[in-house]
Every structure is written in C-alpha cells, then in structure tokens.
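So the structure is just underneath, and the comments pick up after that.
The values are calculated or read from the model by the stated rules, or taken from the named source; none is laboratory data. Fair warning: this is a prediction, and the values are worked out from it, not measured in the lab. Using ideal geometry, Cβ is built from the backbone for each residue, glycine included, and neighbour counts are taken over all protein chains shown. Side chains are part of the model used for accessible areas, which takes the heavy atoms of the whole protein and leaves out ligands, DNA and RNA. Shrake-Rupley method; radii C 1.70, N 1.55, O 1.52, S 1.80 Å.
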Amino acid sequence: CKVPKSVTILIKGPSTHVLQQIQDAVRDGLRAVKNAVEDGSLVPGAGAFQVAARQHLLRPEFLRTVRGKAQMGIKAFAEALLVIPKTIATNGGYDPMDVLVALEDEVQDGHVAGIDLNTGDVLDPAQEGIWDNYRVLRQQLHSCAVIATNLLHVDEVMRAGRASIKAPNPGEE
C-alpha cells in the first residue's frame, strides 16, 4: 500500500516489564508526534525555552509595566523557570550553576541556547533537532500558575486558622 492509513507495530522483549516499558515509550513518542502535528509548532528544547522566557520576564522594560507585589511574583516565577535547565544539567552530571551561566551568556548575546547533555556545553537545540511540544510547555506554564495559586490559598487558610486560635474570645480573658 503506497498511502497507509494505519500501521501495526510489533514489540518484542525478554519480559513483560521490558515490553511495558517499550510500549510506553512508543506511545509517548506517537503522542508527541500527534501533538506536534495538531499544534503545528514546536519549541526549541534542552531548556532553551525556560532560559529565554526568564530573560524576557526580567527585562527592565517589561518589569516597569508591572507594579507592587505582582512584580515580585514575576521575578520569583522567572527564577522558578530555571528549575528545568538546572534539573537537565544535574541529571547530565554537570554543575547546574556553570551550565546556567553559560546559557545566560549565550542568550544575552541573542542566541537560542540549550544544554548539550554529552558535553555540558551550550548548543542550539533547533540545529541539533531537540524540540519540545508547544502543548506540553503551555500545560506546564498553566499548571505552575494553578499550583502556585493553590499553595497561596492554603497558606492564607493556615494563617487565618492560626490567627483564630491565638485570638481570645470576646468577654474572656
């Protein structure tokens, strides 16, 4: 058939555990392709998006558009984005601070910069074919905001609970 509408993938392995691992990897790969086709876009991977987003959020001209506590929140969020490149560097066996300094230097120079896990150096992920799904990054950013908001709500509830325990009842001493 010259234009197949479906395919069958035969997976073999020495144990059910290995078969399950292979099946999960194939399913994840197919889902990544499906997401890329549906979104019609990819984002440079290897931590490049997170470093570039942090740099954008910390630009003085952007920060001047935001006042008060929101500006502090943006700064904290920008720093939190670096968890991904730090984790990539650590998992590769490299010093995360050295890698971040190199990444930030490249991004300051206007380059797209990600982490090369083979050497610990900076690379251009687009040239190396390292991509992230747009859909995954969008969901990651959305989830971060939701989780942070929920943590702040829990903190407010706990503070209110402590305040009510400490406050004496009217008429009692």
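Using alpha-carbon positions, what is the distance between the centroids of region 89-121 and region 28-64, in Å?
16 Å
Using the Cα centre of the chain as the reference point, and only Cβ charges (+1 on K/R, -1 on D/E), how large is the resulting charge dipole? Debye, rounded to the nearest 20. List each step's numbers first, then the result.
Details: 18 positive and 21 negative charges, 177 e Å.
Result for the chain is approximately 860 debye, rounded to the nearest 20.
For helix 16-39, what angle does its Cα long axis make with the longest principal axis of the chain, in degrees from 0 to 90 and rounded to 10?
80 degrees
Please list, in order, the residues from region 35-53 whose amide nitrogen is less than 13 Å from a point placed 7 Å along the Cα→Cβ vector of R138.
From region 35-53, the list is 35-43.
Tally Lys and Arg at +1 and Asp and Glu at -1 over the other residues with C-beta under 15 Å from the C-beta of E156: what net charge comes out? Intermediate results must be reported in sequence, preceding the final value.
Values: positive: K69, R159, R162; negative: D155.
Neighbour charge sum, excluding E156 itself: +2.
What accessible surface, in Å², does a 1.4 Å probe find on V122, ignoring ligands, DNA and RNA and rounding to the nearest 10?
The value for V122 is about 50 Å².
Compute the long axis of helix 134-166 from its Cα atoms, compare it with the longest principal axis of the Cα atoms of the chain, and write down the angle in degrees, 0 to 90, nearest 10.
The answer is roughly 20 degrees.
Report the charge-dipole magnitude of region 1-79 in Debye, nearest 20, computed about the Cα centre from +1 at each Lys and Arg Cβ and -1 at each Asp and Glu Cβ.
On the way: 12 positive and 6 negative charges, 35 e Å.
The dipole magnitude comes to about 160 debye.
In whole percent, and with a 1.4 Å probe on the protein chains, what portion of the accessible area of the chain is carbon and sulfur? Before the final figure, lay out each step's value.
On the way: 7380 of 12490 Å².
The value for the chain is 59 percent carbon and sulfur by accessible area.
Whenever you get a sec, line up I11, I147 from highest to lowest accessible area (probe 1.4 Å, protein heavy atoms). Don't skip to the answer; put the middle values down first.
Values: I11 55, I147 100 Å².
Ranking I11, I147 by accessible area, largest first, yields I147, I11.
Per residue, how much accessible surface does the chain expose to a 1.4 Å probe? Answer in Å², no decimals.
Working: 12490 Å² over 173 residues.
Spelled out: the 1.4 Å probe surface of the chain, per residue, equals 72 Å².
In percent, what relative contact order does the chain have, based on Cα pairs under 8 Å that are 6 or more apart in sequence?
On the way: 141 pairs, mean separation 40.5, N = 173.
Reported relative contact order: 23 percent.
Taking the Cβ of H56 as the center, what net charge do the other residues with Cβ under 13 Å away carry, scoring Lys and Arg +1 and Asp and Glu -1? Mind showing how you got there, number by number?
Numbers: positive: R54, R59, K75; negative: E61, E104.
My count for the surroundings of H56 gives +1.
Which entries of K12/K34; K5/K86; K34/K69 show an alpha-carbon separation above 30 angstrom in the structure shown? Working shown, then result.
Values: K12/K34 24 Å; K5/K86 42 Å; K34/K69 40 Å.
Too far apart for the 30 Å limit: K5/K86; K34/K69.
For region 101-143, with the dipole built from +1 on Lys and Arg beta-carbon atoms and -1 on Asp and Glu ones, taken about the Cα centre, which of V122, L103, H142 lies farthest toward the positive end?
Most positive-ward Cα: H142.
With an 8 Å cut-off on Cα pairs and a minimum separation of 6 or more residues, tell me the relative contact order of region 46-148 in percent.
Numbers: 103 pairs, mean separation 28.3, N = 103.
Taking the mean separation of contacting Cα pairs over the length of region 46-148, I get 28 percent.
Taking the simple approach of a point 7 Å from Cα along Cα-to-Cβ for both A126 and F77, what is their distance in nm?
So the label points at A126 and F77 sit 2.5 nm apart.
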